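The next block holds one structure in the form of structure tokens; read it before the comments.
Every read-out reported here was derived from the displayed coordinates using simple, explicitly stated rules and does not represent laboratory data. Keep in mind that what you see is a predicted model, and the values were worked out from it rather than measured. With ideal geometry, Cβ positions are generated from the backbone for all residues, glycine too; neighbour counts draw on all protein chains shown.
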Amino acid sequence: MLGGFKSFILRGNLVDLAVAVIIGTAFGTVVTAFTAWLTAKIPSAGSVFADAKSGSLGFFLNAVISFVILAAVVYFFVVLPYTRVKERYFPSAPPGTPEDVQLLREIRDLLLAQQGGAAGTGTGKHV
């Protein structure tokens with residue numbers, strides 16, 4: 001039962017989705033702060049957005065710094081540990097030819113041998 005839960009957590013894109021939501025929310029704050037700062041600098045829009053309390057450059061810089069700190073925390077305390085655990089329990093495939101490509105090559109070679117051609121001499125180009 002616990003093995004199934006571990007498999008669900010580590011195989012799915014649950015952590016990727018959580019990171020995307022956290023970063024997206026933080027970036028939304030940066031965009032909101034930049035928009036408020038920019039609209040406060042435009043004279044014609046200044047009267048429309050006069051009651052915006054966050055229309056200062058300081059607020060924008062604070063939002064950018066907060067975003068960078070949050071991104072660093074999420075990366076170092078969520079993404080890296082998740083990647084290490086995932087690699088430990090579900091190691092990636094060794095480098096080399098994928099199994100399906102190898103199987104297709106064997107089929108190609110067998111078909112060429114049946115037709116009287118030399119096996120493995122196909123270049124992949126059709127004449």
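At a Förster radius of 41 Å, what calculated FRET efficiency corresponds to the Cβ-Cβ distance of Glu99 and Met1, to the nearest 0.05? Calculated transfer efficiency: 0.85. Between Thr35 and Val64, the modelled label-to-label distance comes to 1.9 nm, taking each label 7 Å out from Cα in the direction of the beta carbon.
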